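Take a look at the structure below.
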Amino acid sequence: MLSDLSPGLVISLIIALIALIVVFKGLLIVQESEVIVIERLGAYNRTLQRGVNFIIPFLDKPRPIKMVRYKRHGAEFIPLMTHEARIDLRESVMDFPSQPVVTTDNVTVRIDGAIYFQIVDPANAVYKIENMSQAVEVLAKTTLRSVVGQMELDKIFESRAEVNAQIKEQMEEPASKWGVAINRIEVQDIEMPEEVKEAMHLQMSAERRRRATVTEAEGDKAAAIAKAQGQKESAILNAQGDKEAAILRAQGESRSIELVLNSMGEGEKSSRTVIGYLLGQSYISMLPEMAKNGERIFVPYESSALLGAMGAFRDLNVDDSEISNIARRAAATGGIAGAASGASS
């Protein structure tokens, strides 16, 4: 049957077949968030974006990018080298194995970190660095050692955000030359030697006990201040009460003396007689109080002074019944007030 075909038709069929192969081989569909770097005869030609693209077969070909990815197998990380023609522009995360780092206080710790990066210039990521992902990983490790090596162990725990920011800042400039943007660095875990862990636990327990002691002391201090303040206010109130009571007693005594003097009449002799009588009455009223301090007490006693004062009332034409009444009331009321009431009656 092929022999019946003319040479021109055969040539046309061959050309059509070659055209179909060229179209099939040259048609590339690029997905969203992906690009393909195209080389023509070994030189960079262009970067294919999303959508339908055409290349010249046998002249144009994709230039793959090398990527190192880690596969976690238990506690170990297994590196896997891949060659990818389609370059992913989405943010990627690289979780590399923990690295030993020596702090300024000579403590060796292992720090596990993760890098979030994104390819922003595919051509530079392919041509400016031989293995972009490995370069980013090594840069992250060296920068991590440099930053953490300038800090003490306690400072690392207190300022993880500061450590992440410093690592990111130092990685941005060299990574930008490779067409890579470092979005953030995360220090995930910090492993310490067992003796350091025990020392930190002891330090933490001592610090908690210290805080508890300080809190208890502050509470005792506040309670003592409150108690002293209460005692102070109570003493002030008692003093004010005693002051007012003394003023009232003095006013009462003054009024009593005034009444007694008025009842005895005017004149220097009457005043002396009343004053002598009142002093004698006070003297007698103190005797029971003095006797309470012991079984026996010797007090010099001039009875003539008291009798003279009582006799003075007779000289003023006061009969015996009135004097007895005054003395009885003075003894019953205990003081000048009793005498005053007796004299006024």
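The values are calculated or read from the model by the stated rules, or taken from the named source; none is laboratory data. Keep in mind the model is a prediction, meaning the values are calculated, not measured. Note that we place each Cβ from the backbone using ideal geometry, even for glycine, and neighbour counts take in every protein chain shown. Accessible surface is based on the protein model in full, side chains and every heavy atom, while ligands, DNA and RNA are left aside. Shrake-Rupley method; radii C 1.70, N 1.55, O 1.52, S 1.80 Å.
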Assign one of three labels to the stretch 14-62, namely rounded, prolate or oblate, based on the Cα gyration tensor with a ≥ b ≥ c the square roots of its eigenvalues; rounded applies when a/c is under 1.5, prolate when it is not and a/b is larger than b/c, and oblate otherwise.
oblate
What is the magnitude of the charge dipole of the stretch 65-192 about its Cα centre, with +1 placed on the Cβ of each Lys and Arg, -1 on the Cβ of each Asp and Glu, and no other charges, expressed in debye to the nearest 20?
500
How do the peptides 249-255, 236-242 rank, highest first, by the average count of neighbouring beta carbon atoms within 10 Å per residue?
249-255, 236-242
In the structure shown, of K66/K128; K128/K168; K25/K71; K71/K177; K71/K197; K155/K197, the pairs separated by more than 23 angstrom at the C-alpha atoms are K25/K71; K71/K177; K71/K197
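Write out the GluC sites (Glu not before Pro) in the stretch 50-143 meeting two conditions: DSSP loop, and at most 11 other Cβ atoms within 10 Å of their Cβ.
E130
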Roughly speaking, to the nearest percent, how much of the stretch 116-217's 1.4 Å accessible area is carbon and sulfur?
49
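Once you charge only the Cβ atoms, +1 for Lys and Arg and -1 for Asp and Glu, what is the size of the charge dipole of the stretch 20-135 about its Cα centre, to the nearest 20 debye?
On the way: 14 positive and 13 negative charges, 95 e Å.
Roughly 460 debye for the stretch 20-135.
Could you state the accessible area per residue of the stretch 65-192 in Å², with a 1.4 Å probe and every protein chain left in place? Let's see the in-between values first.
Numbers: 6600 Å² over 128 residues.
Ligands and nucleic acids excluded, the figure is 52 Å² per residue.
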